[in-house]
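**Q** Below you'll find the structure I mean.
The values are calculated or read from the model by the stated rules, or taken from the named source; none is laboratory data. Fair warning: this is a prediction, and the values are worked out from it, not measured in the lab. These accessible areas exclude ligands, DNA and RNA; they are computed on the full protein's heavy atoms, side chains included. Shrake-Rupley method; radii C 1.70, N 1.55, O 1.52, S 1.80 Å.
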Amino acid sequence: MLASLADSALDLFTSSLNLVAIRSALTPAERRTPLRPCKAEPLAGLARAPSFCASALFLVIQAVNRILAPEPIDHSIEALIVMCIAIACASA
């Protein structure tokens, strides 16, 4: 569940970053100022790379911790219900 949360948060961050970069890139050239350079897409890609690395590092650390010190799954029925609702919402 934490991995799914981390993935969704990363998707939200990168989508927001892409929206800002694309809107900036679509601005007509005469409205651009020195503070609004025309190369927004490469900068957005550069900003996304560390977030992907941080997310991957978080998932690896969590996986290693769970392998070295396994914990029983609590609230399994509730987690199953939440996952089923999420799958139903994604399918609709």
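**Q** For the structure I just gave you, tell me whether Ile81 is open to solvent by 60 Å² or more (accessible area, probe 1.4 Å), modelled with pLDDT of 75 or more and among the hydrophobic types (A, V, I, L, M, F, W, C).
**A** Here the answer is yes, as Ile81 does meet what is asked.
**Q** Let me ask something else about it. Out of (1) β-branched (Val, Ile, Thr); (2) open to solvent by 90 Å² or more (accessible area, probe 1.4 Å); (3) at pLDDT 75 or above, what's the single condition that is false for Ile61?
**A** (2)
**Q** Of all residues in region 3-39, which are among the aliphatic types (A, V, I, L, M), at pLDDT below 70, farther than 16 Å from Ser51 by Cα and in a helix (DSSP H, G or I)?
**A** Across region 3-39, the qualifying residue is only Ala29.
**Q** May I pose another question? Can you confirm whether Ser51 is polar (S, T, N, Q), under 30 Å from Ala25 (Cα atoms) and at pLDDT below 85?
**A** So Ser51 fits the description; yes.
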